[in-house]
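The values are calculated or read from the model by the stated rules, or taken from the named source; none is laboratory data. Predicted model only: the values in this text are computed from it and were never measured. Methodologically, a virtual Cβ is constructed for each residue, glycine included, from the backbone with ideal geometry; neighbour enumeration extends over all protein chains shown.
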Amino acid sequence: MDILTAEFFQRALIGGALIAVTAPLMGLFLVLRRLAMIGDTLAHVSIAGVALGFLINVYPVAVGLVFAILASFAIEVLRRTYRTYAELSIAIIMSGGIALASLLFTMGKGFNLNVSSYLFGSIYTLDSTDLAVIAGVTVIVLTMVLINKKELFLLTFDEDAAAVSGLPVKYFNIMLSILTALVISASIKIVGALLVSALLTIPAACSLTLSRSFKQAVILVVVIGEAAVLAGLWMAGIWNLAPGGTIVLLLIGILAVSILGTQIRRA
Amino acid sequence: MSMNAGLLQSQQQPGCHQEIIRLDNISFSVDSQTILSDVSFTIKERDFVGLIGSNGAGKTTLLRMIVGLIRPQQGAISLFGIPSGQFKDWNHIGYVPQRNHFNPLFPATVREVVLSGLYGRKKLFKRLSKEDVSRCEDALGALKIQDLGDKRIGALSGGQQQRVFLARALINNPKLLILDEPLSGIDIETQQSFFHLIKHMHQRHNITFLMVSHDMDMVRSYLGQEPKEKCGKLSFYVRHSHDLEDCDGTDLLHSLRKEG
């Protein structure tokens, strides 16, 4: 049980608890706008940025963030070009990101690039800079979402109605893209690029089966995210498991239970 | 009606029977296929305009243009006498889009959807007030769906959903109500009661209506047999209601509820 009091573990808990608020929250908006796979895409592009960061010796998460923001704009442009094929833009940018990442990683072979820590996450190696970045991202995301929660609801429920009521829809779409990019690049080090999308989408998937109102859905995603991340880290610490994988499997477990629960309730 | 005559009339009766929508030579095409060509029409205060046309006649395109979702490639639109590019008072316009345009599994209650009608430019960065919440209850009451307030929107029947979207459009006390095929996809009985509700609002309240429909019978029964104007494949049926108590803007929701 020593691990639970170790400093690196406490850092992991703090970082995890913060990300478990923002990632499921942004994920809910993405899922409701049928952009569930955007998380995966931005994460892979972000990895390319991380690789570049190592190559040019700049804080990798920051370069990853810039890449993720650029990619989210590119997706938005493609989404408008292929209106009804939102998933097409996501597939294109995702493969572009992986291609670029593989290129940059092979270029950096001479450097000591720890690829797997970014692919699968390395929550135990969070340093104080990482924690500060995660805390900053959490504050920004929560502030923006809380200030604009009415408008974000309308935008997500009915984008046309939002435009007709005179809301600056373009500005809100850009804001959502940037917030998503922020959350994803901050969560890569925690759950890893391969698993980010689980933290974005599975809490939303659970919450959609359980909630009747939007308010409920928002509260539930955060509760489910927190439960999975904190319990997952704790279990991983005690039984010496991979933390990212444990969190994601726990999330899938919660999803299975909530689907089962609603079916029993209906029957 | 020619431009000069319209201008003259609005000058003679300031505040009443003003031009609500004016379309001047609107054209729109997609990939060299013409959807709208040279459409001109004027809708005056308290008109009930039924816009009829076959599939692909450009009805929905025209509506989306009027509410600012798309821009005309040629021609100009003005709303309440202001060019639509500079128009700011979008809260005066209630828009009921086509049914089934939303995700039926969306987690939102009827009350949340109706309240969202208030979320415009004027409400940016502001919290909902007690008055807003009571307006929502009024809107639910006016459409007789107060019992459904906490239900999930996707769990309602088509006719009930249509009432929810009408309540969302009415919560702002709009001066212009735009309805895109409000009668499609719901059963005849519900259609009739819904249309009755709209007619009632037109006869008693200071609202101008623009309704797209392909249900000729129901439109003709209220708006007359012959269209006032034809423009390509589009027909405009018009009925004006002028024998009203007054032309001042009363609070629609309150009076609707009293009458109900």
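Restricting the range A:52-68 to residues that are free of Cβ contacts under 8 Å to residues at least 40 places away in the same chain and assigned to a loop (DSSP other than H, G, I, E, B) leaves a set whose member that is farthest from A:Thr106 (Cα to Cα) is A:Val58. Against the test of being over 18 Å from A:Leu32 (Cα atoms), within 14 Å of chain B (Cβ to nearest Cβ) and of a type in the set (S, T, N, Q), the options A:Thr125, A:Thr143 yield a single qualifying residue, A:Thr143. Just one of (1) among the aliphatic types (A, V, I, L, M); (2) in a helix (DSSP H, G or I); (3) within 8 Å of chain A (Cβ to nearest Cβ) fails for B:Ala139. It is (3).
Kindly check whether there is at least one residue in the range A:193-204 that is crowded, with 18+ Cβ neighbours inside 10 Å, touching a Pro at 6+ places or on another chain (Cβ under 9 Å), within 14 Å of chain B (Cβ to nearest Cβ) and not in a helix (DSSP H, G or I). No: zero hits. Checked against (1) at pLDDT below 90; (2) in a helix (DSSP H, G or I), A:Gly49 meets all criteria but (1).
The rows are residues; the columns are (1) closer than 27 Å to A:Arg265 by Cβ; (2) at pLDDT 95 or above; (3) in a helix (DSSP H, G or I); (4) within 12 Å of chain B (Cβ to nearest Cβ).
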{"residue": "A:Val218", "(1), (2), (3), (4)": "yes, yes, yes, yes"}
{"residue": "A:Val221", "(1), (2), (3), (4)": "yes, yes, yes, yes"}
{"residue": "A:Ile224", "(1), (2), (3), (4)": "yes, yes, yes, no"}
{"residue": "A:Ala228", "(1), (2), (3), (4)": "yes, yes, yes, no"}
{"residue": "A:Ala231", "(1), (2), (3), (4)": "yes, yes, yes, no"}
{"residue": "A:Ala236", "(1), (2), (3), (4)": "no, no, yes, no"}
{"residue": "A:Leu241", "(1), (2), (3), (4)": "no, no, no, no"}
{"residue": "A:Gly244", "(1), (2), (3), (4)": "no, no, yes, no"}
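Taking the residues in the range A:146-167 that are more than 8 Å from chain B (Cβ to nearest Cβ) and under 22 Å from B:Met65 (Cβ atoms) as candidates, determine which candidate is modelled with the lowest pLDDT. Among those that are more than 8 Å from chain B (Cβ to nearest Cβ) and under 22 Å from B:Met65 (Cβ atoms), it is A:Glu159.
In the range B:21-131, counting only strands (runs of 3 or more DSSP E) that sit wholly within it, the ones holding 3 or more residues that are in contact (Cβ under 8 Å) with a residue 40 or more places away in the chain and within 14 Å of chain A (Cβ to nearest Cβ) span B:93-96.
Residue by residue, here is whether (1) at pLDDT 90 or above; (2) touching a Cys at 6+ places or on another chain (Cβ under 7 Å); (3) over 17 Å from B:Asp180 (Cα atoms) holds:
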position: B:Met3; (1), (2), (3): no, no, yes
position: B:Gly15; (1), (2), (3): no, yes, yes
position: B:Gly53; (1), (2), (3): no, no, no
position: B:Ala57; (1), (2), (3): no, no, no
position: B:Ile93; (1), (2), (3): yes, no, no
position: B:Arg99; (1), (2), (3): no, no, no
position: B:Val110; (1), (2), (3): yes, no, yes
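Considering the range A:128-169, and only residues there that are touching a residue at least 12 places away in the same chain (Cβ under 8 Å) and not in a helix (DSSP H, G or I), the residue that is nearest to A:Leu30 (Cα to Cα) turns out to be A:Asn148.
Those residues that are closer than 25 Å to B:Met65 by Cβ and surrounded by 22 or more Cβ atoms within 10 Å (Cβ to Cβ), I need them from the range B:92-109; list them, please. B:Ile93, B:Gly94, B:Tyr95, B:Val96, B:Pro97, listed by residue number.
Yes/no per residue for (1) in a helix (DSSP H, G or I); (2) at pLDDT below 85; (3) under 15 Å from the mean Cα position of the chain (by Cα):
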site: B:Ala167; (1), (2), (3): yes, no, yes
site: B:Leu177; (1), (2), (3): no, no, yes
site: B:Met211; (1), (2), (3): no, no, yes
site: B:Tyr222; (1), (2), (3): yes, no, no
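Identify all residues within the range A:87-117 that are modelled with pLDDT under 80, part of a helix (DSSP H, G or I) and out of contact with any Leu (no Cβ under 6 Å at 6 or more places or on another chain); write none if there are none. Of everything in the range A:87-117, those that are modelled with pLDDT under 80, part of a helix (DSSP H, G or I) and out of contact with any Leu (no Cβ under 6 Å at 6 or more places or on another chain) turn out to be A:Glu87, A:Lys109, A:Gly110, A:Val115, A:Ser116, A:Ser117.
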